[in-house]
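The values are calculated or read from the model by the stated rules, or taken from the named source; none is laboratory data. Please read these numbers as outputs of a predicted model, since none were measured by experiment. No Cβ is skipped: glycine too gets one built from the backbone with ideal geometry, and neighbour counts run over all protein chains shown. For accessibility, only protein heavy atoms count, side chains too; no ligands or nucleic acids. Shrake-Rupley method; radii C 1.70, N 1.55, O 1.52, S 1.80 Å.
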Amino acid sequence: MTTLSQTKEFFRRAEAVCFDVDSTVIKEEGIDELAKFCGVGDAVTEMTRKAMGGSVTFKTALTERLSIIRCSREQVNKLITDHPPQLTPGIRELVDRLHQRNIKVFLISGGFRCIVEHVATQLNIPLHHVYANRLKFYFNGEYAGFDESQPTAESGGKGKVISMLKEQYGLKTVVMIGDGATDLEACPPANAFIGFGGNVIRPQVKERCSWYVTSFGELVKELEKI
């Protein structure tokens, strides 16, 4: 594991920064919000907690949660319209600063592309920099499962995306920022991991990373040291 000073240095000279989305870039867990909206909130929140704690595989947790929710295309669209994702304070400024320095910003999420694209648009992140799971619907709009071929549908998927990005863009220094176990395990191939506890603190993540922040302002300050 990198030391605190090494992690900070990797962050200051990163060529790309990858963010988790749920409970990191946005305040809520998208799948829990979708479950609440569809009237099955409690059952799904418990599954999310297990998935985040790493006690079941991510794909198992995702499959089980979606089989409970069974959301229609119309419900997903209405959720985004009626309850748009709430950005975490400070994320807009941080992403703007990274873009000003020509640092590539990617969103890598175990959540759903339809919601994450909405977040990316608010932050001026290109949609081809979004990696997330795709919901599938039948022609009448009813739930038809999810695209299991996406790397983000599996445990270890975020690391696979980062390896692919390094190869595709010739990146040497990539930093991952997130709140959960699936973010922590993306390092390596990420050169450094920064734990984020501004929305929820997951003790197993906090204990296992050398740099843990509770506000994006701490990261903005670090960039100003350059």
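Computed from Cα atoms, the angle from the helix 58-69 axis to the main principal axis of the chain rounds to 40 degrees. With q set to 0.11, 0.21 Å⁻¹, the log10 of I(q)/I(0) for region 1-118, from the Debye formula over equal scatterers at the Cα positions, is -0.46, -1.17.
Only the Cβ atoms of Lys and Arg (+1) and of Asp and Glu (-1) were treated as charged; on that basis the dipole of region 102-213 about its Cα centre amounts to roughly 280 debye. Projecting the alpha carbon convex hull of region 122-190 along each direction and taking the average yields 6.2 nm².
For the chain, the normalised intensity computed at q = 0.11, 0.13 Å⁻¹ comes to -0.50, -0.71 (log10 of I(q)/I(0), Debye sum over alpha carbons, equal scatterers, no solvent). This model, with +1 at the C-beta of Lys and Arg and -1 at the C-beta of Asp and Glu, gives the chain a dipole about its Cα centre of some 500 debye. Against the chain, whose longest principal axis is taken from its Cα atoms, helix 41-53 shows a tilt of about 30°. The fraction of accessible area contributed by carbon and sulfur in the chain is 49 percent, rounded to a whole number (1.4 Å probe; ligands and nucleic acids excluded). Spatially, region 191-217 and region 40-119 are offset by 18 Å when compared through their Cα centroids. Residues in the chain average 45 Å² of solvent-accessible surface per residue, probe 1.4 Å, ligands and nucleic acids excluded. Placing +1 on the Cβ of every Lys and Arg and -1 on the Cβ of every Asp and Glu, with no other charges, gives region 68-160 a dipole of roughly 240 debye about its Cα centre.
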